[in-house]
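A.B. asks: Just passing along the structure, written as structure tokens.
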Amino acid sequence: QVQLVESGGGLVQAGGSLRLSCAASGRTFNHGSMGWFRQAPGKERELVTAINWNGGTTYYAEAVKGRFTMSRDNAQNTAYLQMNSLKPEDTASYYCAATKYGNIQFQRSLYDYWGQGTQVTVSS
């Protein structure tokens, strides 16, 4: 079992930066890939970025490529999402999620563990 707790959300002006953290507990954290999803009001929850079990491989959605960076520190049981050059369309609730698989997963249904979410609001 893995428990995930996100932090670091907030209100920022367009062009600004935020760093989200996802603190994990549970013995299986180091074995599974992780992802950050986001959900804006009235929209589907979408995968923004994902990372494999050891941090060696990452995936980024086109909308955030070049602006967002996902990383993980297995020694600290924490994953991070560095968000730069934020845009108003990045406004959403951001969720950290973990899988039981070592490789990156793209299907939301394969993520077994979820955090409670943290709000990111980007003003224009």
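A.B. asks: Determine if region 52-67 includes at least one residue that is outside any loop (DSSP other than H, G, I, E, B) and open to solvent by less than 40 Å² (accessible area, probe 1.4 Å).
C.D. replies: No, region 52-67 contains no residue that is outside any loop (DSSP other than H, G, I, E, B) and open to solvent by less than 40 Å² (accessible area, probe 1.4 Å).
A.B. asks: Could you tell me how many of the residues in region 82-124 are among the small types (Gly, Ala, Ser) and in a loop (DSSP other than H, G, I, E, B)?
C.D. replies: Residues in region 82-124 being among the small types (Gly, Ala, Ser) and in a loop (DSSP other than H, G, I, E, B): 5 in total.
A.B. asks: Does at least one position in region 53-74 carry a residue that is touching a Cys at 6+ places or on another chain (Cβ under 8 Å) and among the small types (Gly, Ala, Ser)?
C.D. replies: No - not one qualifying residue is present in region 53-74.
A.B. asks: Give the residue that is nearest to Gln39 (Cα to Cα), with candidates limited to residues of region 79-114 that are surrounded by fewer than 18 Cβ atoms within 10 Å (Cβ to Cβ) and acidic (Asp, Glu).
C.D. replies: Only one residue tops the list, namely Glu89.
This table checks each residue for (1) farther than 20 Å from Val2 by Cβ; (2) among the polar types (S, T, N, Q); (3) touching a helix residue (DSSP H, G or I) at 6+ places or on another chain (Cβ under 8 Å).
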site	(1), (2), (3)
Gly16	yes, no, no
Gly26	no, no, no
Phe29	no, no, no
Ser33	no, yes, no
Glu62	yes, no, no
Gln76	no, yes, no
Met83	yes, no, yes
Pro88	yes, no, no
Thr91	yes, yes, no
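A.B. asks: Which pairs turn up if I take residues in region 35-62 that are on the phi > 0 side of the Ramachandran plot and look for partners that are crowded, with 16+ Cβ neighbours inside 10 Å with beta carbon separation below 6 Å, at least 6 apart in sequence or on another chain?
C.D. replies: Gly55/Arg72
A.B. asks: Residues of region 23-41 being over 12 Å from the mean Cα position of the chain (by Cα), in a loop (DSSP other than H, G, I, E, B) and either at pLDDT below 95 or crowded, with 19+ Cβ neighbours inside 10 Å (or both), which ones?
C.D. replies: Step one: list which residues in region 23-41 are over 12 Å from the mean Cα position of the chain (by Cα), which gives 24-32, 40-41.
Still in the list and also in a loop (DSSP other than H, G, I, E, B): 26-28, 32, 40-41.
Gly26, Arg27, Thr28, Gly32, Pro41 - these are the residues of region 23-41 that are over 12 Å from the mean Cα position of the chain (by Cα), in a loop (DSSP other than H, G, I, E, B) and either at pLDDT below 95 or crowded, with 19+ Cβ neighbours inside 10 Å (or both).
Residue-by-condition table, conditions (1) under 23 Å from Ser124 (Cα atoms); (2) of a type in the set (A, V, I, L, M, F, W, C):
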| residue | (1), (2) |
| --- | --- |
| Leu11 | yes, yes |
| Ala24 | no, yes |
| Asn30 | no, no |
| Ile51 | no, yes |
| Thr78 | no, no |
| Met83 | yes, yes |
| Thr91 | yes, no |
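The values are calculated or read from the model by the stated rules, or taken from the named source; none is laboratory data. What you see is a predicted model; the values in this text were computed from it and never measured. Using ideal geometry, Cβ is built from the backbone for each residue, glycine included, and neighbour counts are taken over all protein chains shown. Keep in mind that these areas ignore ligands, DNA and RNA; they rest on the heavy atoms of the full protein, side chains included. Shrake-Rupley method; radii C 1.70, N 1.55, O 1.52, S 1.80 Å.
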